Amino acid sequence: MYRFLRFPILLVGLFLAASSFAANSSQPALTTEDSLGPQVQQPIEFPHNRHAGLKDASDPAKGGMEINCQYCHTYARRSAVAGIPPLQKCIGCHQNIESVRNKPRIVELFKYWDAKKAVPWKKVHDLPDFVRFNHERHIKRFVEQQDRPVQEACGYCHGDVKEMTVARRQKSLAMGWCASCHEKDHPVVAEGGTPIAGQAYWYSFQKPAAAVDANTKARGPNDCWQCHK
Amino acid sequence: MIDSGSVKQMAGHPFDRRDFLKVLGWSGAAVALSGCGNTSVEDGRETVVSYVEANDYMVPGVGVYFNSTCAQCDAGCSINGRVREGRVLKLEGNPDSAINKGRLCGLGQAGVQHHYNPDRVREPLLRNGNKGEAISWEKAYALIAEKLAGVSGEEIAFLSGGVSGHLKVLLGNYLDSLGTKNHFVYEAIAPSVVRAANLKAFGVEMPRYRFDKAQVVLSFGADFLGSWVSPVHFSQQYAQFRKGVNGQRGVLIQVESKMTLTGANADRWLAVKPGTEGVLALGIINALGMATGEVAELVKGYDKARVSRETGVSTGQIDKIAALLKLRSPSLVLAGNAAEGYAHGSQNAAAINLLNQVLGNVGKTIEAPVSVPFPQMVPSKGNTVALKNMNDGLAAGKYKVVFNFAANPVFTAPGAFKFKDNFAKAGFKVAFAHYLDETALQADLVLPLDSALEDWGTQVPEYMTEGAQINIQQPLMERLHANTRGMGDILLGLIKQKKADEYKGFEDYYAYLRGAVLQNKGALGGGGVEDDTFWNDTLTQGIVKLAGTTTSLAAHASAAGLVLPAAAEADEHFPLHLIPGVTASLRDGRHTNQPWLQESPDPLTTIVWDSWVEIHPKKAAELGIVEGDIVQVTSKTGSVKAQVYLFPGIHPEAISIPVGRGHDAMGRYAKGYGVNPFQIMDAVFEAATGELAMHETRVKISKTGQRVLVVKDEGSAGALQMGRKIAGRVSTDQVDLSKEV
């Protein structure tokens, strides 16, 4: 019945498909779960492994220092954006660490400090402007309520930073990837059956019939507006 | 995306509706994917700048709020600005202020666009032929010192807008150090005739109006909800007034020749023949029959028939107004721009004040104002008289050095002044400017100012409400451009050229301000408080509230000297009155380059980004004009061309063009949009005060033959409801007063 429409519609469809391929061609293919982001050149090659890595029991001069992520990335638990620590933070410790004072990276760091200029770090993790990821909520949930190790919680999205020097994006951070976690059934009580802070309490209001125990599961928010505000 | 399989399938099969939708769906998805790909992700490309040093309260992504004062007009609303990552993002009203109580008007909201405006002057500029050459501040100061050397005080002129607070003190001291008395204060739109009339009738220039206590407000062209004196404050009082005293809703009657925003809100809007506001006021006094003695004698001649004939207001309306005013007390009668803008403006205002007194409103809804106990800080006021005096001096070639600050006379001076030509006769012209506006473009040296959101200062509003207050202006963020300076800093720099010893203790204007405030700590309510604590509290609050001094209010409005002229003869060459429309967002045009203000539709016509000529539909039909016709509006002084908008809210004998647009400088958002009615204003002055009678210009209009589509928000039906009963409408003549109140 709509036979006469067949060819024009097909052409339009093909054109749209082709043009969208063309528009996409300049971009990298959609990333997969374990795909890496671009290798980013930073003004100072900050060694995350040295700061956050595990201690080397045999030689304390070699391993990491197991500094909590939140010591430097202090804004993550307070704000939607994690921010970059102010230069003051770096200097706060390093002015007292004479042993590395003359290493090239530290000399470079102090040059910025003496000039009172901000280090022009490059973004490593960026999301499109129409996505609002909230660090604070994720830290509250995983670190404060579920009492998971900080490095594990941060690592869900940022990978194993303690093994990196300059951080590099490890996950795709695409919507499907976010949803893959939000759609999973997660326990609402911590491992071992301890009710997690207010979580189980509030959950019992929502689903009064269900007994809240170690088997009770819930999902992360999946309303569009949670991220697309 | 369409895979080859489905293409083959479709090609080989009859193409039904389902396939059609499928193809559409897939194509849509493909487009959506490409559109929503990670196109805005800037991994490894964009720099993320962190603080070098951060205060504890500075968290990226979390807003911090600072109090300051709105500088968009002189009403003195206190603002609260949201600052995030060191950038000011949004302004709102400060709830602690008695003036605006947490509210802010559209003009105030647009203040961020004054700050972030891309057309701000960023370097001191020295004229070199037709170009401005960037020079250093040292050179600029040296140049001023050089030009001032050997010049007597008589040969110096300083033109400024209204200034108040410590800046006014500093400016005064600088002018003293130059030995000049030629400080001309000029605000293009100011209620100066009303001030003079009020001083005569009540002993104060601007009493405190209590809309909230009034049961009836009768306003003769005072646009108190839009642009008159302190509109944000009045709007809040108006809400109280509408809510009513003892549940009785206040009634607003607006009398004017061109409907204003306030007129559009009125219960009863009366189109009065331009300039006959005073006649109507006296006619109402007569109809009230409450006057005695001299006043009764004066109004005797103003019987209804005569008043109706002269004003065009029907006798029935006069009766209704008088009945309403008698029934409801207290009331409040106001004289606004429309009443004062004539050669007999003082008489109009005096007649209106007399009506207030006859009604016994003085002391009830017209109260004594309070003022700050520091007379040197109260705002300096001025209007066209000052500009005229300066213009005369300029024309005579009297001035060797001229300064201009916070005024744009080349744009706002009536065309008949020929101000631009006269300004060129001054020897050396210095403009303190945010933008290269018309006046700055004529200057020899342009000194770039900090925006109001970057600068320090104090501001004292002219119109105080409950108690007196001094408003604090403080930077909400760092300077956007390294080479702009605060006006206070510049004045301090200049004054140090003359009185280095006296001012050497003040490193900058901030130090001066802090010192001056702390010096009067006791009087400012900080007695016994540590200096630092008091200063920090003051900055946190953004307002210093004071008991203030109350000026006593007199009620000596009298009939003496009150003579209203006979109705003006019709001018056969220029048959129409030109009413310059003052809009709530553009005012005198100093903020026209803020695109939000250009973009927000005029509340009455919904027109954006352009000027228009309001003509009554009847008059337009008579002249064969339709909406969108480009007409030439010609006065004795000049002519402009603009699009026509048919507007039932204007007297058929008048046309109106809004002021504020029609810049030929001032940057990308102002230049070339609309026309400037100031250009065609005749030099007719108010008889008693000598101010410009802004409504006295007579014009004629002629069609040019061009027609455009008027860009406006309202639909093709215009303001007409086309038979749809959206809002019930009834002509004011049909309203039965006994049912209405």
key: Extreme residue, farthest from the chain's Cα centre (by Cα), among residues of region A:67-102 that are over 19 Å from B:Tyr57 (Cβ atoms) and part of a loop (DSSP other than H, G, I, E, B)   = A:Asn102
key: Odd one out for A:Arg105, checked against (1) within 14 Å of another protein chain (Cβ to nearest Cβ); (2) part of a helix (DSSP H, G or I)   = (1)
request  = Hey, can you tell me all the residues within region B:529-554 that are surrounded by 13 or more Cβ atoms within 10 Å (Cβ to Cβ) and assigned to a loop (DSSP other than H, G, I, E, B)?
outcome  = B:Val529, B:Gly542, B:Gly548, B:Thr551, B:Leu553, B:Ala554
query = Name the strands (runs of 3 or more DSSP E) wholly within region B:584-670 that hold at least 3 residues that are surrounded by fewer than 24 Cβ atoms within 10 Å (Cβ to Cβ)?
reply = B:629-635, B:639-646
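Scan region B:572-588 and tell me whether some residue there is of a type in the set (S, T, N, Q) and either within 29 Å of B:Ile490 (Cα to Cα) or modelled with pLDDT under 85 (or both).
Of all residues in region B:572-588, those of a type in the set (S, T, N, Q) come to B:583, B:585.
Next cut, either within 29 Å of B:Ile490 (Cα to Cα) or modelled with pLDDT under 85 (or both) only: none.
Within region B:572-588, not a single residue is of a type in the set (S, T, N, Q) and either within 29 Å of B:Ile490 (Cα to Cα) or modelled with pLDDT under 85 (or both).
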inquiry  = Restricting to region A:121-157, and then to whatever is among the aliphatic types (A, V, I, L, M) and either within 9 Å of another protein chain (Cβ to nearest Cβ) or touching a residue at least 40 places away in the same chain (Cβ under 8 Å) (or both), can you tell me which residue is farthest from A:Val40 (Cα to Cα)?
reply    = A:Val143
Which numbered condition B:Ala424 fails, given (1) surrounded by 21 or more Cβ atoms within 10 Å (Cβ to Cβ); (2) farther than 20 Å from B:Gly488 by Cβ = (1)
key: All positions within region B:300-310 that are assigned to a helix (DSSP H, G or I) and surrounded by fewer than 19 Cβ atoms within 10 Å (Cβ to Cβ)   = B:Ala305, B:Arg306, B:Ser308, B:Arg309
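May I ask you to say which residue of B:Asn383, B:Asn356, B:Asn404, B:Asn348 is modelled with pLDDT of 90 or more and farther than 23 Å from B:Gly275 by Cα? Don't jump to the end; show me each part of the working.
Values: B:Asn383 fails: farther than 23 Å from B:Gly275 by Cα; B:Asn356 fails: farther than 23 Å from B:Gly275 by Cα; B:Asn348 fails: farther than 23 Å from B:Gly275 by Cα.
Only one candidate qualifies: B:Asn404.
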query = Are there any pairs with C-beta distances below 6 angstrom linking a residue in region A:158-179 that is facing chain B (nearest Cβ under 10 Å) to a residue that is among the aromatic types (Phe, Trp, Tyr) and buried (at least 16 other Cβ atoms within 10 Å of the Cβ), with the two at least 6 apart or on different chains, and if so which?
reply = none
B:Ala557 vs. criteria surrounded by 23 or more Cβ atoms within 10 Å (Cβ to Cβ) and at pLDDT below 85 = yes
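Among the residues of region B:438-466, what is the count of those that are more than 20 Å from the chain's Cα centre (by Cα) and farther than 23 Å from B:Val194 by Cα? Quick ask: steps written out before the conclusion?
Filtering region B:438-466 down to residues more than 20 Å from the chain's Cα centre (by Cα) leaves B:440-450, B:454-457, B:466.
With the extra rule that they be farther than 23 Å from B:Val194 by Cα, the set shrinks to B:440-450, B:454-457.
Of the residues in region B:438-466, 15 are more than 20 Å from the chain's Cα centre (by Cα) and farther than 23 Å from B:Val194 by Cα.
Conditions (1) closer than 19 Å to B:Gln474 by Cβ; (2) in a loop (DSSP other than H, G, I, E, B), marked per residue:
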{"position": "B:Val62", "(1), (2)": "no, yes"}
{"position": "B:Tyr65", "(1), (2)": "yes, no"}
{"position": "B:Gln72", "(1), (2)": "yes, yes"}
{"position": "B:Arg82", "(1), (2)": "yes, no"}
{"position": "B:Asp96", "(1), (2)": "yes, yes"}
{"position": "B:Asn100", "(1), (2)": "yes, yes"}
{"position": "B:Leu107", "(1), (2)": "no, no"}
{"position": "B:His114", "(1), (2)": "yes, no"}
request  = Return yes or no: is A:Ala118 within 28 Å of A:Pro60 (Cβ to Cβ), within 14 Å of chain B (Cβ to nearest Cβ) and either without any contact (Cβ under 8 Å) to a residue 12 or more places away in the chain or not in a helix (DSSP H, G or I) (or both)?
outcome  = no
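Looking only at helices (runs of 4 or more DSSP H) that lie completely in region B:464-528, which have at least 3 residues being free of Cβ contacts under 8 Å to residues at least 60 places away in the same chain and either outside the structural domain of B:Leu167 (by TED's automatic domain parsing) or touching a Gly at 6+ places or on another chain (Cβ under 8 Å) (or both)?
Numbers: elements: B:487-498, B:500-503, B:509-519.
Once the helices (runs of 4 or more DSSP H) in region B:464-528 are filtered for at least 3 residues that are free of Cβ contacts under 8 Å to residues at least 60 places away in the same chain and either outside the structural domain of B:Leu167 (by TED's automatic domain parsing) or touching a Gly at 6+ places or on another chain (Cβ under 8 Å) (or both), what remains is B:509-519.
Taking A:Ala61 as the residue in question, decide whether it is at pLDDT 90 or above, of a type in the set (Gly, Ala, Ser) and farther than 23 Å from B:Arg45 by Cβ.
On the way: at pLDDT 90 or above: no; of a type in the set (Gly, Ala, Ser): yes; farther than 23 Å from B:Arg45 by Cβ: yes.
Answer is no for this residue.
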query = Within region B:313-339, restricting attention to residues that are in contact with a Pro (Cβ under 9 Å, 6 or more places away or on another chain) and over 19 Å from B:Ala557 (Cβ atoms), which residue is surrounded by the fewest Cβ atoms within 10 Å (Cβ to Cβ)?
reply = B:Asn337
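Kindly indicate the residue of region A:55-86 that is more than 9 Å from chain B (Cβ to nearest Cβ) and in contact with a Pro (Cβ under 8 Å, 6 or more places away or on another chain) and also farthest from A:Gly155 (Cα to Cα) among those meeting that condition.
Going through the qualifying residues, I end up with A:Cys72.
Are any residues in region B:117-147 assigned to a loop (DSSP other than H, G, I, E, B) and touching a His at 6+ places or on another chain (Cβ under 7 Å), and if so, which ones?
Going residue by residue through region B:117-147, those that are assigned to a loop (DSSP other than H, G, I, E, B) are B:117-119, B:121-124, B:129-130, B:135-136.
Selection gives B:Val121, B:Arg122.
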request  = Taking B:Leu387 as the residue in question, decide whether it is touching a Pro at 6+ places or on another chain (Cβ under 7 Å), crowded, with 24+ Cβ neighbours inside 10 Å and not polar (S, T, N, Q).
outcome  = yes
query = Restricting the first residue to region B:434-450 and requiring it to be closer than 14 Å to B:Leu143 by Cα and free of Cβ contacts under 8 Å to residues at least 24 places away in the same chain, which pairs with a second residue that is surrounded by fewer than 24 Cβ atoms within 10 Å (Cβ to Cβ) and not hydroxyl-bearing (Ser, Thr, Tyr) meet a Cβ separation below 7 Å and a spacing of at least six or different chains?
reply = none
query = Within region B:175-205, can you find the residues that are in the same structural domain as B:Ile495 (by TED's automatic domain parsing) and more than 23 Å from the chain's Cα centre (by Cα)?
reply = B:Leu175, B:Asp176, B:Ser177, B:Leu178, B:Gly179, B:Thr180, B:Lys181, B:Asn182
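The values are calculated or read from the model by the stated rules, or taken from the named source; none is laboratory data. Model, not experiment: these values are computed from the prediction. Positions of Cβ are generated from backbone atoms using ideal geometry, with glycine treated the same way; all protein chains shown enter the neighbour counts.
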